[in-house]
Amino acid sequence: TEKSQSEEGLTPVNVGYLATTGHSLYFIAEEQGFFEEAGLDVTFNSFSNSGEGITAVAGGQLDVGTFGTAAPLKFESEGAEFVFFGGQMGTGAGVVSKPELADELKDPANFAGKKVATVSLATGDVVWRGALVEAGLDWEEDLEIVEMKSPADVITAVNKGEVDAGVVWVPFVEKAKQEGLEIIAYSDEYLNDHVCGRLIANPEKFENSPELYVSFMEAMIKAEEFLHDENNKEEVIASVAAYIDVDKSIIEKDLYDGYLIQTADPDKEAILAFKETMVDIGYLEEDRDVSDIIDIEVYKEALDNVIEANPDNAYYDKLVDRYKDRNLEI
Amino acid sequence: MLSTIQYDNVGVTYESNGQQAIKNFNLSIESGEIISFVGPSGCGKSTALNVAAGLIQPSVGAFKMDENIITSPGTDRGVVFQNYSLFPWMSNLENVRFALSQKSKKSNTELIKQSKKLLDKVGITGKSQYVYPTQISGGMQQRVAIARMFALDSPVFLMDEPFAAVDEITRKHLQNLLLDLWEKETSRKTIILVTHNIEEAIYLSDRVVVLYEGEIITTKPIPFKRPRDRQELENERDYLTIRKQLLQAIEGNA
Amino acid sequence: MLSTIQYDNVGVTYESNGQQAIKNFNLSIESGEIISFVGPSGCGKSTALNVAAGLIQPSVGAFKMDENIITSPGTDRGVVFQNYSLFPWMSNLENVRFALSQKSKKSNTELIKQSKKLLDKVGITGKSQYVYPTQISGGMQQRVAIARMFALDSPVFLMDEPFAAVDEITRKHLQNLLLDLWEKETSRKTIILVTHNIEEAIYLSDRVVVLYEGEIITTKPIPFKRPRDRQELENERDYLTIRKQLLQAIEGNA
Amino acid sequence: MKSIITRHQLLPTIFTVIGILSVLIFPSIGDAVSNGYVIGLFIGIYILYQIISLLFYKKDTYRQVTADIVSIILVLFILWELLTNRFGILTSFVYPTPGEVLLQFQEDRAELVVHLFSSVRLLVSGYLLAVCLAIPLGMISAWYGRLDRVMRPISSVLAPIPPIVLIPYAISILPSFAASSTFIIFIGAFWPIFVAALNGVAGIDRRYISSARTLGVNNWTLFRKIILPAALPSIFTGLTIGMILSFILLTAAEMIGANAGVGYYVKLATDFGNYSQVVAGIIFIGLIVTVVMTILTQLERYLLRWR
Amino acid sequence: MKSIITRHQLLPTIFTVIGILSVLIFPSIGDAVSNGYVIGLFIGIYILYQIISLLFYKKDTYRQVTADIVSIILVLFILWELLTNRFGILTSFVYPTPGEVLLQFQEDRAELVVHLFSSVRLLVSGYLLAVCLAIPLGMISAWYGRLDRVMRPISSVLAPIPPIVLIPYAISILPSFAASSTFIIFIGAFWPIFVAALNGVAGIDRRYISSARTLGVNNWTLFRKIILPAALPSIFTGLTIGMILSFILLTAAEMIGANAGVGYYVKLATDFGNYSQVVAGIIFIGLIVTVVMTILTQLERYLLRWR
Ligand SMILES: Nc1ncnc2c1ncn2[C@@H]1O[C@H](COP(=O)(O)OP(=O)(O)OP(=O)(O)O)[C@@H](O)[C@H]1O
Ligand SMILES: Nc1ncnc2c1ncn2[C@@H]1O[C@H](COP(=O)(O)OP(=O)(O)OP(=O)(O)O)[C@@H](O)[C@H]1O
Ligand SMILES: [Mg+2]
Ligand SMILES: [Mg+2]
């Protein structure tokens, strides 16, 4: 039924996302008409809990979903079935503390004996724990980690001195600064260019209608190109603001201050690296090979199609390089 | 629709406190008879009546009507409870109309007219018909309950101290109302009446049953012919003897 | 502690249905008097008594004791309500003991002994003392309520049809109990009694007040000397006249 | 229009004046909003109070209640303004100033109306479904002794299970996200209403049923005219609690693939740390609750007028 | 020990046999757990049932209820086993098989005990605090007409505010995470109990108070001996609802800087997609609820024995 054509002859697509500025490619693609150009009629469904979103993807209620990297990998090990086939964002998390502790904690080894608040399974949480393990700490023994429900709770706890530091992500890194906290480290200082939001889909759907996913990625690639053209800044911010109701200045900071990677590239290499980190910190019990659930063909085909239509765009050439570089393509 | 009533060795023990309220209760009542239960407070009158109403199950023995064992309330028995039991969410008029509507297929206006007439008869008139039961006095509630029972017009009437909460004049009026109804019918109603007023028991009944500590200690036939006249009755020779005998029986000397 | 009681042009209109229950109610009661309110069902007896109890506020006029306006219940007035109002969460014994304990500083065993004695007096004996009010018969509950009022031993007794739910013999017994208590005291209690039994009103009262549609239409002094004897009383010449006059008054012909 | 300040009006008037004065006397710390806004707020509340007080109520007690509640609201606003915007005791981003919240309201007003409709649709469908199922099921269970004894322990074990853990199952079984959201509201409201109906029927004075039986009513009439009205006081308690739970679950329910609703608005604002939106959302929910609860109370008062 | 199968025991026995047979007949799809586990489960339930049935209850109705409930539980287990592990109709990762959950229980049993103690401590402190404050406050409010009229609308507006949005405020104001967690449980339980106490006192038959007044009781005795017992039936409804809300909020409360508690266990398992843990956690909460509710019911039955 998902192939049934909607009124305007467009194919309906159900997309699930977490409400964050990091998912701007979706919003740009929709607002700038790239989805429509690709013959898609996209409906956005917002979730606040990765687990619920992944359940919906695995169950086929969603055609496409973006719910971080850590949660999908974890759920995959628990038996949820889906494929990674594209990218959305990377990095963007940070660890914050009161200014007086900031210098000391720049060295991850100094977290020993500290109390840190985090939101479990957030990308930043995984990356930070990875850094701890790398620094030779056992996070179960050497420090106290407490779980919170939201990054706002984390900041409040740090601010009040209840904990020494906390792991948050955009736009709360910025909020923390406003509160007088200091940013100890951005997450990509711990794990270079790590991934966050990945595009996932139900494998059956993915197999049955590859052309839909190719079209979808074409729109995402165009959106990426649009985003990275500084001339479009205003339009980009307006597009995102239509979906994420936050101050435009915050959107601007998040999108253009350079600590958020935004690309539709699936970045297979980074996904595998991320998986390694999760294994290192004990989030994944067994070191299974997940290569076969990462599809890089659809993205490649989409990229080729886009380039064919716009042979002169230099940005797309960069994407090809990047693709080759990041997807272990032989 | 004649109804013979039979208490067949009935005993009731309340579970909550193990109180044996009535025991070895044997009594046959013929169709069309008026029977009164009298006895000291707490002797088991209400319990015996509630068994007849099907409200309380006998712990031993059985209550029968026309040879059928009765274990639940039914339309064949109209009841006036000691505590009235009007529906508090219906106006007084509605309480009566509701009872009427269960039997009759008449139009609503007709039913209301009939209900009003019944209420008028027991002296509940004007605005009091339209208010809720909690908004009228105790005696008035009791009268509404009587009107409701009349509305039901079942072959058996079970009445637990129906005239206890009203003044003497209203009481006499209601007694006559009851007798009128009973006498006019071709197939007369069977009536069981609980009362603590011996004059009332004698005036109304064919037999007076005296209970003492849960047992029937005397059954006294009242030989006076009907229709009875209050004044005449009190001048009858036997009247005082019967009255005295009953009083003695109530004190426990059968 | 003498208590003169005064209804000063009292009127009560129930807000819920606009019913004017009593009006132009003027009555002075001297300390130590026994007064009965009689009248047809719904004439306002309970309402008038509840005003005295401080349960209902007069819409106009004032109720006074010793010149003080009374607007709330108090220990100076013991009440037996028409519907008993025992505390259902206390055993019968506890209901009485609780009342006693409010006045007396005696030890608990002493209080329980006294409570049992009071209950014995009204004929609630044995196991019935230890069960909850819902587990005894209506007449028995009323007797517990009377025992509770006796326990309180206040200078004024307000009793709403206190003997309505009991048989004739118990009734007489309780009447005598009340009179005994009243006569023995050096400073006699003031008693207001609501009843629909005219013999009872005459036997007990110094004055009988007849209400009709919310108004006092007659106040009849009862001239017989005390202590009274039931038998003698009924043979007194005036007895029948007074009785007849009262009956007529109740029917609305003052 | 109004001539003198009556006894009731004293407190609200005093607090309005205090509010305005405190705004004028103490300097503002932030500068997002001018004093005019806050003063306007106080005057607005006061005018609204006068209108309510003058037009709607004739009864003295109502006027008193209105005055008391308005006074409490004013005091809360004054404290809030002083602590955040004047003395700077509460400065964290989780404490927006009243002016900021007011501004937020103004900014988001169109959006809020959309959210309102979405939430009302969700609440109505989920809650009504719960009402329609819980009342008959509860009453039927209570009616059959054996079922009653079984359903009582079962319901008391199932009721406290957080509806939130059921979300994945709802998503995987139900046909749409809207259905899942409705289900969460439904299940939250269902148990309190069910238990209330159960208790309501089980607690009916047996004499009413016996009286009805002697009148020979059929089962349907017995249910409609006797059991339902007798159980209604208890059922209304359940309806109120069910409504409370519906609102509590609104944020969770509206985060299942939805893009609208006041719960979504609040949750999203929380996720982005925009606490002037969070507070505006909470106040907005408070207003909706006030309306809904008023309707429920009036309905109760009407249906239970015999009490 | 037992000689013959009585009438009551028929259904549970049949379902136990069906359960065991269905495990033996239909092949397992997964292979995580051997059939022995599942058969052991059925036999365990049956033995437990026989013990309860034989030892604890003498009353016929109790035996009937036990048999009915055990039958329902057995049927649910059979269906669950068949749908997940035998016929493979529910295969998604959100549907673990009974065997997996059983294994999870066994694996986590030590951990669960720790979580249990943590949750019980939190529940007891938050709930008791609510009880201690809500009952007196509710009763006092009801007693003073003016306060009553003010508190009624206020409580009905505040009660439906999701306690979850209060978390940041709790963290920023209260001295510790533990205090914040306690506060969330507290606030969830507070309103239902408060409203129940309010309604309980407001609904007392005026005649009881009048009777007491004629006995001249002082205020403290009036409160203790008259108002409290008269309001108790209503208060118990509130206590039950408050307990339900406490449990519903447990997951949220235990995500405030905690690292223990059954709510934490379930929430973490949900976040990590470990649904055999989620289901084990829910069943464990169910067991706790059963114990708590039994205590509450027995207390109610004892204190309201006069009804
Ligand atoms: N609900 C009950 N639970 C337990 N015992 C009860 C109950 N009702 C009555 N009893 C006991 O049963 C006995 C008989 O009570 P019953 O109500 O039949 O008396 P009665 O003759 O109607 O008295 P009265 O004239 O006072 O109404 C009494 O001893 C009473 O204590
Ligand atoms: N709670 C109430 N609300 C409204 N009206 C009432 C209420 N109680 C009594 N009335 C009305 O007030 C009038 C007097 O009632 P009251 O109870 O005083 O009568 P009474 O003389 O005690 O009658 P009875 O002998 O039947 O007890 C009646 O017309 C009655 O309808
Ligand atoms: Mg009786
Ligand atoms: Mg009266």
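The values are calculated or read from the model by the stated rules, or taken from the named source; none is laboratory data. Since the structure is predicted, the reported quantities are computational estimates derived from the model, not experimental observations. Here the Cβ is made from the backbone with ideal geometry for all residues, glycine too, and neighbour counts use every protein chain on show. Note: accessible area is taken over every heavy atom of the protein model, side chains too, but ligands, DNA and RNA are not part of it. Shrake-Rupley method; radii C 1.70, N 1.55, O 1.52, S 1.80 Å.
Below is a table of values for the structure above.
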read-out	value
Per-residue HN-Hα couplings for region A:117-131 [Karplus 6.51, -1.76, 1.60; θ = phi - 60°; Hz; x = Gly/Pro]	9, 8, 9, 4, 6, 5, 3, x, 4, 5, 5, 5, 4, x, 5
Inter-copy label distances at D:ARG301 (7 Å, Cα→Cβ; nm, one decimal)	4.1
Filter on C:LYS103/C:LYS189; B:LYS103/D:LYS225; A:LYS115/A:LYS275; B:LYS225/C:LYS172; C:LYS189/C:LYS225 - keep pairs with C-alpha separation over 19 Å	A:LYS115/A:LYS275; B:LYS225/C:LYS172
Buried solvent-accessible surface, both chains (D, E), 1.4 Å probe, Å² to nearest 100	3900
Globularity ratio of region A:230-330, using Cα Rg and 2.2 N^0.38 Å	1.36
Size-normalised alpha-carbon gyration radius of region C:196-254, reference 2.2 N^0.38 Å	1.10
Residue of chain C nearest the C-to-B rotation axis [by Cβ], rounded angstrom distance	C:ALA164, 3
Region C:111-124 - phi-based ³J(HN,Hα) in whole Hz, Karplus 6.51/-1.76/1.60, Gly and Pro as x	4, 5, 4, 5, 4, 4, 4, 4, 5, 4, 4, 8, x, 9
Chain E, closest residue to the rotation axis toward D, by beta-carbon, whole angstrom	E:ILE241, 3
FRET E, pair A:LYS248, D:VAL120, Förster distance 35 Å, beta-carbon r, rounded to 0.05	0.70
Highest to lowest packing among A:70-83, A:25-38, scored as the average C-beta count within 10 Å	A:70-83, A:25-38
Heavy-atom accessible area ranking, 1.4 Å probe, most first, across B:LYS117, C:LYS189	B:LYS117, C:LYS189
Whole-number percent relative contact order across region E:10-91, with pairs defined as alpha carbons under 8 Å at least 6 apart	44
log₁₀ of I(q)/I(0) at q = 0.07, 0.09, 0.10 Å⁻¹ - chain B, Debye sum with one point per alpha carbon	-0.24, -0.40, -0.49
Charge dipole (debye, nearest 20) of region D:10-91; +1 at Cβ of Lys and Arg, -1 at Cβ of Asp and Glu	240
Contact order normalised by residue count of chain B, Cα under 8 Å, 6+ apart, percent	26
Table column - 3J(HN,Hα) (Hz), region B:57-65, Karplus curve with 6.51, -1.76, 1.60, x for Gly and Pro	7, x, 6, 10, x, 8, 9, 10, 10
Whole-angstrom gap from region B:1-67 to region B:199-249, using each part's C-alpha centre	20
Separation between Cα centres of region E:172-237 and region A:216-246, rounded to whole Å	57
Per-pair calculated FRET efficiency, R0 = 30 Å: C:LYS64 and D:VAL17 via Cβ, rounded to 0.05	0.10
Amide H contacts under 5 Å for C:ILE216, placed H, 5+ residues apart	C:ASN26
Helix-only mean residue ellipticity at 222 nm for chain D, each DSSP H run of n ≥ 4 adding -39500 (n - 2.57), per residue, nearest 500	-25000 deg cm²/dmol
Convex hull of the protein assembly as shown built on C-alpha atoms - directionally averaged projected area, nm²	64.6
Mean Cβ neighbour count within 10 Å, used as a protection proxy, ranking D:95-103, D:179-187 highest first	D:179-187, D:95-103
Residue-averaged beta-carbon neighbours from other chains (10 angstrom radius) around C:218-224	0
Sites E:ILE173 and D:ILE29 - FRET efficiency at Förster radius 22 Å, r taken between beta-carbons, to 0.05	0.65
For region C:133-198 versus region E:246-263, the gap between their alpha-carbon centres in whole angstrom	60
Proximal lysines relative to A:LYS318, as straight alpha-carbon distance under 25 Å, when same-chain residues fewer than 8 apart are discounted	A:LYS222, A:LYS233, A:LYS253, A:LYS268, A:LYS300
Shielding by partners - mean other protein chain Cβ count within 10 Å, residues of D:166-178	6
10 Å binning of all Cα-Cα separations within region D:197-307, expressed as whole percents from 0 upward	13, 30, 22, 17, 12, 5, 1
Given charges at beta-carbon only (K, R positive; D, E negative), |dipole| of region B:48-162 in Debye	520
Other-copy label distances relative to D:LEU48, 7 angstrom Cα-Cβ extension, nm	5.4
Cβ-vector label at 7 Å, E:ASP60, separations to other copies in nm	6.2
Average beta carbon contacts from partner chains per residue of E:187-193, 10 Å cutoff	1
